[in-house]
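Notes follow the structure.
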Amino acid sequence: MQFLVLTRRRMEAYPAEQWTPELIAAESQRVREMYVSGSLRSIWRRKDMPGAAILFEAASEDEARALASSLPLAQRGMIEFPLITQLEPYPGFGPR
């Protein structure tokens, strides 16, 4: 199953100087690990606010939440997940 996870950076609680290059590098490394394993299918930066949109492949919502929670920024409480939702195929491409 695929899950869409929207993240939001908690900029109001963590000033800019706390978003260090080392922390961002650790986040990027974890994203690469999940991509290589097949659990993270795609990731995009949000344009409406600081954060990301992530497409996870997971067996359940709990697994998708666990994957999202494994991100270093999540472990430090610096990001939150305003949306985690299962996706299903668009029916308009199916047989008529």
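The values are calculated or read from the model by the stated rules, or taken from the named source; none is laboratory data. Nothing here was measured: the structure is a model prediction, and the numbers come from that model. Virtual Cβ from ideal backbone geometry, glycine too; neighbours counted across all protein chains shown.
Does the stretch 36-52 hold any residues that are closer than 19 Å to F81 by Cα and loosely packed, with under 15 Cβ neighbours inside 10 Å, and which are they?
Residues of the stretch 36-52 closer than 19 Å to F81 by Cα: 39-52.
Answer for the stretch 36-52, where residues must be closer than 19 Å to F81 by Cα and loosely packed, with under 15 Cβ neighbours inside 10 Å: R41, S42, W44, R45, R46, K47, D48, M49, P50.
Count, please, the residues in the stretch 43-96 that happen to be in contact with a strand residue (DSSP E or B) (Cβ under 8 Å, 6 or more places away or on another chain), without any contact (Cβ under 8 Å) to a residue 40 or more places away in the chain and among the aromatic types (F, W, Y).
1
Every residue in the stretch 1-33 that is modelled with pLDDT of 95 or more, acidic (D, E) and surrounded by fewer than 16 Cβ atoms within 10 Å (Cβ to Cβ), please.
Correct list: E12, E22, E33.
What number goes with the only condition from (1) in a strand (DSSP E or B); (2) more than 30 Å from P89 (Cβ to Cβ) that V5 does not pass?
Unmet for V5, out of (1) in a strand (DSSP E or B); (2) more than 30 Å from P89 (Cβ to Cβ): (2).
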